[in-house]
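Quick notes on the structure that follows.
The values are calculated or read from the model by the stated rules, or taken from the named source; none is laboratory data. Keep in mind it's a predicted model, so treat the numbers as computed, not measured. Cβ placement follows ideal geometry from the backbone for every residue including glycine, while neighbour counts extend to all protein chains displayed. Note: areas computed on protein heavy atoms with side chains; ligands, DNA, RNA excluded. Shrake-Rupley method; radii C 1.70, N 1.55, O 1.52, S 1.80 Å.
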Amino acid sequence: MRLRNKPWAKEKIEQYPQYVVTAPEELKGKWNTVYEANQPLHIEIGTGKGRFITEMAKANPSINYLGVELQESVIVSALDRLIEAEVPNVKLLNANAVNLPQYFAKGEVSRVYLNFSDPWPKTRHEKRRLTYKSFLKIYEDILPEHGEIHFKTDNQGLFEYSLTSFSAYGMLLKYVSLDLHNSLFEGNIMTEYEEKFSEKGNRIYRCEAQFQK
Ligand code: SAM
């Protein structure tokens, strides 16, 4: 993602603690206190400008959603979206995914979404891919037994790599689609990247991967 320098972003984020969670390490085991309703929590890692997570929250009021995003300059756009949407069941977290086990107890997150994760195509950057085995361990640590990752990308190389990584980790692959927009999948909610790349004619790949313990 091309990043614009937004020196005011940090200050703006701090002005909206009702939308962007602060002190997540103090919430470990207590995330149900953050939302109005005590219900399952689904998180999107690398939420970008927040379209997917906000629309999912509107469509599924009986699920709580959290968009996790590393970059302040990006999450601030997601914040604008949340302010406008006024939906009670979605929040944001400005954090690096590597730290998630410090913030969530085992089983506290019911599902992980990865949408259009940065592909990091160079082999020497493999460990940065959000479907690398060390990240799968992180997701396993916060999901319940048999928890699921739902993954979408337009990047064929990252998709192939991720299918192999999920399988090598012993995960069960379900609903693998090599052309999501021309498949029978219903209720797809597009992300910002998904709209941009599908308009260019790129195919969208999707799969669900389930931990086996
Ligand atoms: N999911 C959005 C979409 O589909 O439009 C954004 C996709 S963008 C290519 C990937 C996003 O993941 C970027 O905003 C980046 O800052 C974020 N990201 C990358 N590594 C991350 C990490 N380790 N933890 C949290 N966010 C991360």
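For the stretch 63-89, enumerate the residues that are surrounded by fewer than 18 Cβ atoms within 10 Å (Cβ to Cβ), touching a residue at least 60 places away in the same chain (Cβ under 8 Å) and out of contact with any Leu (no Cβ under 7 Å at 6 or more places or on another chain).
ILE83
Among the residues of the stretch 20-48, which ones are surrounded by 14 or more Cβ atoms within 10 Å (Cβ to Cβ) and either more than 16 Å from the ligand (Cβ to nearest atom) or on the phi > 0 side of the Ramachandran plot (or both)?
Scanning the stretch 20-48 gives LEU27, LYS28, TRP31, ASN32, VAL34, TYR35, GLN39, PRO40, LEU41, GLY46, GLY48.
Can you tell me which condition ALA57 does not meet? The list is (1) more than 14 Å from the ligand (Cβ to nearest atom); (2) open to solvent by 10 Å² or more (accessible area, probe 1.4 Å); (3) within 16 Å of the chain's Cα centre (by Cα), and all the others hold.
(2)
Among the residues of the stretch 138-195, how many are among the charged types (D, E, K, R) and either in a strand (DSSP E or B) or within 14 Å of the ligand (Cβ to nearest atom) (or both)?
Total meeting the criteria: 7.
Only one residue in ASN182, ASN188 is at pLDDT 95 or above, over 18 Å from SER110 (Cβ atoms), open to solvent by less than 60 Å² (accessible area, probe 1.4 Å) and not hydrophobic (A, V, I, L, M, F, W, C), so which one is that?
It is ASN188.
If PHE197 satisfies every condition in (1) hydrophobic (A, V, I, L, M, F, W, C); (2) under 19 Å from the mean Cα position of the chain (by Cα); (3) under 17 Å from SER110 (Cα atoms) but one, which is the exception?
(3)
Return the total of residues in the stretch 110-129 being open to solvent by 30 Å² or more (accessible area, probe 1.4 Å) and outside any helix (DSSP H, G or I).
Summing the residues that are open to solvent by 30 Å² or more (accessible area, probe 1.4 Å) and outside any helix (DSSP H, G or I) in the stretch 110-129 gives 7.
Out of all the residues in the stretch 67-85, is one or more modelled with pLDDT of 95 or more, touching a Pro at 6+ places or on another chain (Cβ under 7 Å) and either over 21 Å from TYR132 (Cα atoms) or more than 9 Å from the ligand (Cβ to nearest atom) (or both)?
no
Taking into account only those residues within the stretch 106-137 that are within 10 Å of the ligand (Cβ to nearest atom) and of a type in the set (A, V, I, L, M, F, W, C), which is farthest from the chain's Cα centre (by Cα)?
TRP120
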